[in-house]
Amino acid sequence: MSVVQRVPSAPTAAEIGIVHLGLGAFHRAHQAVYLQRNLNRHGESQWGVCSANLRSNRALVEQLRAQQCRYAVAEYRDREQVTLREITVVREALYAGDGGDELELLLQRMADPRTRIVTLTVTEKGYCLSPATGQLRLQDPAIIHDLAHPQTPRTAPGIVLEALRRRHVAGIPAFTVLCCDNMPDNGQRTRQAVMGLTVKGSELAQWIEQHVAFPGCMVDRIVPAMDAQAFSGLEQLGCQDPAAVVCESFSQWVIEDHFPQGRPDWEVEGVQMVTDVRPFETMKLRMLNGSHSLLAYIGLLAGHETVFEAISDPHLLRFIQRYMAQEAAPTLDMPPQIDVSGYGRDLCARFANDSLQHRLRQIAMDGSQKLPQRWLQGAQELLDAGHGMDCIALGIAAWIRYCTQPLPGRDAHVVDDPLSATFADLAGRFDGAQRVDAFLDLEQVFPVVLSARADFRDAVQGAYRALERNGMASHLKTLAAHN
Ligand code: CS2
C-alpha cells in the first residue's frame, strides 16, 4: 500500500514572467516544481511560465492546453512513498515547430517587457555547438537557415537572438538567459551560441555583450521518460493525467546569482544561489552523468534494461564505485564543505530507486553530445596528472560497440544520435582496432589534444580488445575480481 502525500496548488494567480524553451519532462518536473512551490507559498507570482516546444511533441502541447496547462508530478521516494503535486504555474503552452503563428506568438511573448527570464532545456544538441570545442556549428542546416532568415528562426539560439533584437529595437531591457542543460559552463556556452549568430561588431552584438546576463546553473533530478508502466503506476494512485510526469524525490538546483531584471526568491525553496557554479556543475557532470553514461553503454552490453537493474549488478556497482572514487572525484576541486564521497554514495542510492523505470537507452541517446563533458575532459586531466583512466576507456569502448553493433539478444537497435549516419558509415568500413581508431578520430567528439595521445588510444584499444574477447558481463566479473 503506497503512502501518497497530495500537494494541491493553492488558489493562485501567476502572471507570465518566464518563457521556457523545451517543454520536456525534465522542465515539468524540475523548474516548474520550484516555481509552483514558490507560488503556493506566496499565493501570487510574477513568475508564471509560458513554455514552448520548438521541434518535437506538438501532441503534449495540445494535451496541456486541453487541461489549462495543469498537470501532476509524482515524486517517488521509493515504491511506497509518493508525493503527488499539482502544477498550475505553467500558464501557456506553445508549439513553435512549424514556424508560422505560434513561433510569432512565442517571439512576442519573449519580447514582452513582463518577460524577464528565458530558460532553456533543449538538450545538448539544441545549441548547435560542437561538443568537443563549444563553437557554433556553422555547417548545421538549421544554423545556416537562422543566419539567412534571422527573423523566422528555427534553433533555440536563433529564437533567443530574434527576441533580444526585438527588445533592443523597442528599447525594452534585455531578459536574462538561464540555460538548464547538462553542459559545462552552460551559461557561457549559450552566450557563445547566441553571439555566434550575430554580425560581429554590430550594434545588436554590442548591446547583447553589454546587457544580457547568461548565468550558469546546475540542475539535478532524475526524470525518466513517461511510458505505459509509469502511467499505470499513476493510475494506481488515482491519477489519470496524460500530461503527468514521474521523478525521484531528490532535486537540486544551483544557480549563479546574476539576474539584472530580477528573479523569483528561489532560495526560500532550497535553490543554492552562488557566485561560481562551475565546481557544482563539474561534480554533477562527472559523478552523476558520467556514471549514468557508463551504466548505459556498459549496462546495455551486459544485458540490462534500466538503471536500477544495472546498479543492482554487483560487478557493475563495484565498477561505478571505482570510477567515482578513482577517475571522477580526483579531478574535482570542490569547496571544503562538500563531501564528494558522500555525494557518490548518495548517487548510488538514487540509482537504486526501484520505483523508477529509468531506461538505459534514454541515457544512451546522443552520446556524441554527452561524452566530452562527462568523461573526456576528466580523462585528459587524469592523464595529465599521470593517472590511469581504465573505467572511462571501457566506457568509450562500450560506446563504440553500442554505436556499431546490435545488442546481444535483441533485434531492433536504433542508435539515436546526430552522428548516427557517420557511425554506420564507419562501422561499414572498419573493424576491430581500425574501427576504434576511426571513432577516436572524430574531432566533433574527441578533442585533438586527447585523441593524439598514445596513452589514451592504448587504453581504449585495450578495453575494446578485452570486450571483444570476453563479452561485457564476463569482462566486468574479471575486473571485479581484480579490484
Ligand atoms: C541523464 C540525465 O539522460 C541522461 O543523459 O544522465 O538526464 C540525468 O538523469 C539528469 O541529468 C539528472 O539530473
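General remarks:
- The range 195-252, residues that are assigned to a loop (DSSP other than H, G, I, E, B), without any contact (Cβ under 8 Å) to a residue 40 or more places away in the chain and touching a Ser or Thr at 6+ places or on another chain (Cβ under 6 Å): PHE214
- Test: LEU138 is open to solvent by 20 Å² or more (accessible area, probe 1.4 Å), of a type outside the set (S, T, N, Q) and either in a helix (DSSP H, G or I) or not assigned by TED's automatic domain parsing to the domain that holds ARG109 (or both): no
- Qualifying residue in the range 75-83 (condition: of a type in the set (A, V, I, L, M) and either out of contact with any helix residue (DSSP H, G or I) (no Cβ under 9 Å at 6 or more places or on another chain) or part of a strand (DSSP E or B) (or both)): yes
- From the list ASP181, ASP257, the one residue that fits, being at pLDDT 95 or above and within 16 Å of the ligand (Cβ to nearest atom), is ASP181.
- Sole residue being within 29 Å of TYR34 (Cβ to Cβ), in a strand (DSSP E or B) and open to solvent by less than 10 Å² (accessible area, probe 1.4 Å), chosen from LEU178, LEU164: LEU178
- The strands (runs of 3 or more DSSP E) located wholly in the range 1-73 that include 1 or more residues which are under 25 Å from ASP112 (Cα atoms) and of a type in the set (S, T, N, Q) occupy 44-53.
- The residue list ASP458, ASP390 contains one member that is more than 27 Å from the chain's Cα centre (by Cα), open to solvent by 70 Å² or more (accessible area, probe 1.4 Å) and more than 16 Å from the ligand (Cβ to nearest atom), which is ASP458.
- Exactly one residue among LEU300, LEU317 is more than 17 Å from ALA349 (Cβ to Cβ) and buried (at least 17 other Cβ atoms within 10 Å of the Cβ), and that residue is LEU300.
- Scan of the range 235-247 for residues that are open to solvent by less than 10 Å² (accessible area, probe 1.4 Å) and more than 15 Å from the ligand (Cβ to nearest atom), ordered by number: ALA243, ALA244
- Filtered by the rule that a residue be away from the ligand (no atom under 14 Å from the Cβ) and either buried (at least 23 other Cβ atoms within 10 Å of the Cβ) or more than 16 Å from the chain's Cα centre (by Cα) (or both), the range 278-297 gives a lone residue, PRO279.
- Qualifying residues in the range 208-234 (those that are hydrophobic (A, V, I, L, M, F, W, C) and within 16 Å of the ligand (Cβ to nearest atom)) - the one farthest from the chain's Cα centre (by Cα): ALA230
- For first residues located in the range 102-121 and over 14 Å from ILE18 (Cβ atoms), partners that are polar (S, T, N, Q) and part of a loop (DSSP other than H, G, I, E, B) and lie 6+ apart or on another chain with Cβ distances below 7 Å form the pairs LEU103/THR152.
- Count of the range 35-46 residues which are surrounded by 22 or more Cβ atoms within 10 Å (Cβ to Cβ) and either of a type outside the set (S, T, N, Q) or within 16 Å of the ligand (Cβ to nearest atom) (or both): 2
- Verdict on GLU267 being acidic (Asp, Glu), within 16 Å of the ligand (Cβ to nearest atom), assigned to a helix (DSSP H, G or I) and at pLDDT 95 or above: no
- Any hit, the range 277-297, residues being farther than 21 Å from CYS391 by Cβ and in a loop (DSSP other than H, G, I, E, B): yes
- Only a single criterion out of (1) within 16 Å of the ligand (Cβ to nearest atom); (2) farther than 23 Å from THR115 by Cβ; (3) of a type in the set (A, V, I, L, M, F, W, C) is not satisfied by VAL82, namely (1).
- Checking LEU84, LEU106, LEU94, LEU120 one by one, the residue that is open to solvent by 10 Å² or more (accessible area, probe 1.4 Å) and at negative phi is LEU84 and no other.
- Any hit, the range 438-451, residues being within 13 Å of the ligand (Cβ to nearest atom) and in contact (Cβ under 8 Å) with a residue 40 or more places away in the chain: no
- Restricting LEU371, LEU332 to those that are in contact (Cβ under 8 Å) with a residue 12 or more places away in the chain, farther than 30 Å from GLY233 by Cβ, surrounded by fewer than 19 Cβ atoms within 10 Å (Cβ to Cβ) and under 22 Å from the mean Cα position of the chain (by Cα) reduces the list to LEU332.
- Note on the range 389-483: enclosed helices (runs of 4 or more DSSP H) holding 3 or more residues that are closer than 22 Å to LEU360 by Cβ are 390-404, 420-429, 454-470, 472-481.
- Unique residue being under 22 Å from MET218 (Cβ atoms), more than 13 Å from the ligand (Cβ to nearest atom) and touching a helix residue (DSSP H, G or I) at 6+ places or on another chain (Cβ under 8 Å) when the list is THR331, THR404: THR331
- When TYR127 is tested against (1) touching a strand residue (DSSP E or B) at 6+ places or on another chain (Cβ under 7 Å); (2) open to solvent by less than 20 Å² (accessible area, probe 1.4 Å), exactly one condition is not met: (1).
- Candidates GLN357, GLN405 - the one that is without any contact (Cβ under 8 Å) to a residue 40 or more places away in the chain and farther than 15 Å from TYR323 by Cα: GLN405
The values are calculated or read from the model by the stated rules, or taken from the named source; none is laboratory data. Predicted model, so just to flag it, every value in this text is computed and none were measured. A quick note on method: Cβ atoms are made from the backbone with ideal geometry, for glycine too, and the neighbour counts reach across all protein chains shown. To get the accessible areas, we keep the full protein, side chains included, count just its heavy atoms, and leave off ligands, DNA and RNA. Shrake-Rupley method; radii C 1.70, N 1.55, O 1.52, S 1.80 Å.
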